[in-house]
Amino acid sequence: MRYPRRSGHAAWRLVDGEVVIADPAASRAHVLNASASAAWMLADGSRDCATIASEVNGGGWEKETEGLFEELCRLGLVELSEAPSAGAPQAGEPPPAGKEPPAVLSSEPLEVLATFCNSTYTGSPPGCRTEACLPLKIPWS
């Protein structure tokens with residue numbers, strides 16, 4: 001049995017039922033489907049892959065769940081151990097699993113959104129008072 005635990009270096013958020021993982025070390029962002037998102041949120045080191053698969057969809061997709069965690073381990077986003085650990089902080093209630101096996105939907109270059117403002121306003125908050133602010137994409141470095 002293998003026990004997955006989310007890595008502490010990757011930041012993640014649940015967005016519309018899908019987990020988005022930002023990995024600054026690799027300058028990548030990964031999006032998980034609904035089933036993988038539910039599995040990710042249960043990966044606290046206290047459950048093995050089969051137990052997570054059972055909790056996500058009632059007992060199916062054990063091989064796919066194990067494969068998901070192997071892929072996330074290769075990406076450095078999950079640690080797999082042969083024994084349960086004390087567990088990471090609870091991630092909250094997992095979203096409902098989807099109708100498809102757990103999978104990484106996409107893996108894209110990580111970009112930081114920044115705002116550039118060409119106004120000369122330098123007063124205290126609330127800040128810029130113009131509509132001249134332009135969003136820019138700046139590669140993560």
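The values are calculated or read from the model by the stated rules, or taken from the named source; none is laboratory data. None of the values given here were measured: they were computed from a predicted structure. Glycine also receives a Cβ, built like all others from the backbone with ideal geometry; neighbour counts cover every protein chain displayed.
Scanning the range 19-54 for residues that are surrounded by fewer than 19 Cβ atoms within 10 Å (Cβ to Cβ) and in contact with a helix residue (DSSP H, G or I) (Cβ under 6 Å, 6 or more places away or on another chain) returns a single hit, 50. Taking the range 64-77 as the range and being more than 10 Å from residue 102 (Cα to Cα) and surrounded by fewer than 22 Cβ atoms within 10 Å (Cβ to Cβ) as the test, the residues that pass are 70, 71, 73, 74, 75, 76. A search for C-beta distances below 7 Å between a residue of the range 31-50 that is farther than 15 Å from residue 13 by Cβ and among the β-branched types (Val, Ile, Thr) and any residue that is at pLDDT 95 or above and in a loop (DSSP other than H, G, I, E, B), counting only pairs 6+ apart in sequence or on different chains, returns nothing. For the range 30-73, the set of residues classified as part of a strand (DSSP E or B) and more than 16 Å from residue 106 (Cα to Cα) consists of 44 only.
Annotation: of all residues in the range 96-110 being at pLDDT below 75 and among the aliphatic types (A, V, I, L, M), the one that is surrounded by the fewest Cβ atoms within 10 Å (Cβ to Cβ) is 110. Can you say whether residue 76 is closer than 21 Å to residue 11 by Cβ and modelled with pLDDT of 65 or more, as far as the supplied structure shows? In short, yes.
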